[in-house]
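The values are calculated or read from the model by the stated rules, or taken from the named source; none is laboratory data. Treat the numbers as computed from the prediction; the structure is a model and nothing was measured. Cβ coordinates were reconstructed from backbone atoms using ideal geometry, including for glycine residues, and neighbour counts include every protein chain displayed. Side chains included, ligands, DNA and RNA excluded: accessible areas come from the protein's heavy atoms. Shrake-Rupley method; radii C 1.70, N 1.55, O 1.52, S 1.80 Å.
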Amino acid sequence: MKKILSVIVVFLLLVSCKEDVVAKPDRLIAKDKMIDIMYDIAVLEGIKYQNPTSLDSNQINSASYIYKKYNIDSLQLAQSNVYYATDYVEYKNMYDTLVKRIDRKKADLDSIIQKDKKLKSKREAIKAKKAKATLKKDSLAKIKVAPINENITKGVILKTK
């Protein structure tokens, strides 16, 4: 009897855990759109962390930007976020997708930055080479070769003032 009772209790616990803790909101944001929102929030938070005055100087309010861009309100975002967060496995999958997307963008930006650095160093090398050539050319212009005549021997160079 105790075995049957314990099996029933375990079964009821498993079945009761299957129910949704939070009811599905009426205006649930789709998963893909929610991932996009999470991405934009992460980017805006990164900007705020790296350069706190940049958003303020451009008069950008992160929250209102997100609400306007995705045509949502704060309650809809909060309810959708809580709903997705109750399913840990699915929320982790969404988060992993977000991290992969951020890593791809970071890799793209890093490659662009590397190309810019290479281009900048090439430009600086060309500038230095031109400056060096100009310097040599100028130093030769300051030197005059004396005309050959009876008083001066051949090959003597006179410096000008």
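Each residue in the stretch 37-65 was checked for being surrounded by 11 or more Cβ atoms within 10 Å (Cβ to Cβ) and part of a helix (DSSP H, G or I), and 18 of them qualify.
Of all residues in the stretch 45-101, those satisfying the criterion of being among the aromatic types (F, W, Y), more than 14 Å from K33 (Cβ to Cβ) and modelled with pLDDT of 90 or more are Y91, Y95.
Only residues that are open to solvent by 70 Å² or more (accessible area, probe 1.4 Å), more than 25 Å from A30 (Cβ to Cβ) and acidic (D, E): list them for the stretch 100-135, please. D108, D116, E124 - these are the residues of the stretch 100-135 that are open to solvent by 70 Å² or more (accessible area, probe 1.4 Å), more than 25 Å from A30 (Cβ to Cβ) and acidic (D, E). Across the stretch 66-99, the number of residues qualifying as open to solvent by 60 Å² or more (accessible area, probe 1.4 Å) and hydrophobic (A, V, I, L, M, F, W, C) comes to 3.
Sub-8 Å Cβ pairs linking a first residue in the stretch 74-93 that is free of Cβ contacts under 8 Å to residues at least 12 places away in the same chain and farther than 15 Å from K24 by Cβ to a second residue that is of a type in the set (F, W, Y) and surrounded by 15 or more Cβ atoms within 10 Å (Cβ to Cβ), at least 6 apart or interchain, are S74/Y67, ordered by first then second residue. Checking the stated criteria, V145 turns out to be β-branched (V, I, T) and modelled with pLDDT under 85.
The listed residues are D26, D32, and the only one of them that is loosely packed, with under 14 Cβ neighbours inside 10 Å, acidic (D, E), outside any helix (DSSP H, G or I) and modelled with pLDDT of 85 or more turns out to be D26. The residues on offer are D36, D32, D56, and the sole one that is of a type in the set (D, E, K, R), more than 14 Å from Y83 (Cα to Cα) and within 17 Å of the chain's Cα centre (by Cα) is D36.
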